[in-house]
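The values are calculated or read from the model by the stated rules, or taken from the named source; none is laboratory data. Predicted, not measured: the structure shown is a model, and the values here were computed from it. For neighbour counting, all protein chains shown are included, and Cβ atoms are generated from backbone atoms with ideal geometry for every residue, glycine included.
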Amino acid sequence: MLLRLNYDNPHPKDIQFIIDCLKNDGIIIYPTDTVYSIGCDITKPKAIEKLCRLKNIKPEKANFSFVCSDLSQLANYAKPISNSLFRVMKKALPGPYTFILEANNNVPKLLKQNKKTVGIRVPDNTICKAIIAELGNPIITTSLHNQDDEIMEYFVDPEIIHREYEKKVDIVIDGGFGNLYASTVLDCSEDEIVIVREGLGSLDILD
């Protein structure tokens, strides 16, 4: 189904409807501060498996991001970080960045088998933040497009997305047009920060 939400003030009943879907192993497509993303509740193994089948990837090889409501959820899934890195993340988030960090033992076993890192996102999007705050834990997420795909209108127009995915996911959330640019990805799992992908987020945060 296509669910239209007011960006500035999403209705609590709509947010609760989305939460109920996620808690029942649902898959949603939702807006972020970059491109539209597809995801599920991090605590639901069946939903994670469904998401992997939809993306045609094995769970242990999936490069999903953990989309959080704020930095307070960071310690739940990543190992402790340095004060200097925390300052960078605090400057950048919420915003269009993905930080790759060392994973801790709380990462779902389904995803962690051969992976030692996790991607953390805190998007600057009212709808996204409202969903995750009410859910109480991150959403396992990936972009609709594959890494080698060009991001075109198809990926930013929720009505076009709905026509393509209405039989594949439970809810497509219409929060207005998405962005054409993906997040900036920074690998912070080692001593030096490595720029993996330069996207919408400015690299000025590293100065």
L93: passes all of (1) surrounded by fewer than 21 Cβ atoms within 10 Å (Cβ to Cβ); (2) out of contact with any Asp or Glu (no Cβ under 7 Å at 6 or more places or on another chain) but (1)
If you go through V88, V35, the only one that is outside any helix (DSSP H, G or I), in contact (Cβ under 8 Å) with a residue 60 or more places away in the chain, touching a helix residue (DSSP H, G or I) at 6+ places or on another chain (Cβ under 8 Å) and surrounded by 19 or more Cβ atoms within 10 Å (Cβ to Cβ) is V35
Is there any pair with a first residue in segment 5-27 that is farther than 22 Å from L51 by Cα and a second that is acidic (D, E) whose Cβ atoms are under 8 Å apart and which are 6 or more apart or on different chains, and what are they?
L5/D14; L5/D174
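Within segment 113-124, does at least one residue satisfy the condition of being assigned to a loop (DSSP other than H, G, I, E, B), surrounded by 14 or more Cβ atoms within 10 Å (Cβ to Cβ), in contact (Cβ under 8 Å) with a residue 12 or more places away in the chain and among the acidic types (D, E)?
Filtering segment 113-124 for residues assigned to a loop (DSSP other than H, G, I, E, B) gives 113-116, 122-124.
Then keep just the ones that are surrounded by 14 or more Cβ atoms within 10 Å (Cβ to Cβ); that gives 115, 122-124.
Checking which are in contact (Cβ under 8 Å) with a residue 12 or more places away in the chain leaves us with 115, 122-124.
Still in the running and among the acidic types (D, E): 124.
Looking through segment 113-124, at least one residue is assigned to a loop (DSSP other than H, G, I, E, B), surrounded by 14 or more Cβ atoms within 10 Å (Cβ to Cβ), in contact (Cβ under 8 Å) with a residue 12 or more places away in the chain and among the acidic types (D, E).
Going residue by residue through segment 172-179, is there one that turns out to be farther than 26 Å from T117 by Cα, charged (D, E, K, R) and surrounded by fewer than 16 Cβ atoms within 10 Å (Cβ to Cβ)?
At the first step, the residues of segment 172-179 found to be farther than 26 Å from T117 by Cα are 172-179.
Cutting the leftovers down to charged (D, E, K, R) gives us 174.
Filter once more, so that each one left must be surrounded by fewer than 16 Cβ atoms within 10 Å (Cβ to Cβ): none.
No, segment 172-179 has no match at all.
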Members of segment 50-59 found to be out of contact with any helix residue (DSSP H, G or I) (no Cβ under 7 Å at 6 or more places or on another chain) and not in a loop (DSSP other than H, G, I, E, B), listed by number:
K50, L51, R53, L54, K55
Screening A78, A133, A103 for residues that are hydrophobic (A, V, I, L, M, F, W, C) and either modelled with pLDDT of 95 or more or surrounded by fewer than 19 Cβ atoms within 10 Å (Cβ to Cβ) (or both) leaves only A133
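Looking at segment 64-75, which of its residues are touching a residue at least 40 places away in the same chain (Cβ under 8 Å) and either surrounded by fewer than 16 Cβ atoms within 10 Å (Cβ to Cβ) or in a helix (DSSP H, G or I) (or both)? Talk me through it step by step, then tell me what you get.
The initial filter retains those residues of segment 64-75 that are touching a residue at least 40 places away in the same chain (Cβ under 8 Å), namely 64-71, 73-74.
Selection gives D70, L71, Q73, L74.
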Residue among K46, K55 that is charged (D, E, K, R), modelled with pLDDT of 90 or more and at negative phi
K46
Residue, farthest from L3 (Cα to Cα), within segment 161-187, restricted to residues that are among the aliphatic types (A, V, I, L, M) and at pLDDT 95 or above
L186
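Which one of these is within 23 Å of V156 (Cα to Cα), buried (at least 19 other Cβ atoms within 10 Å of the Cβ) and at pLDDT 95 or above: I15, I27? Give the steps one after another, and end with the answer.
Working: I15 fails: buried (at least 19 other Cβ atoms within 10 Å of the Cβ).
Among I15, I27, only I27 is within 23 Å of V156 (Cα to Cα), buried (at least 19 other Cβ atoms within 10 Å of the Cβ) and at pLDDT 95 or above.
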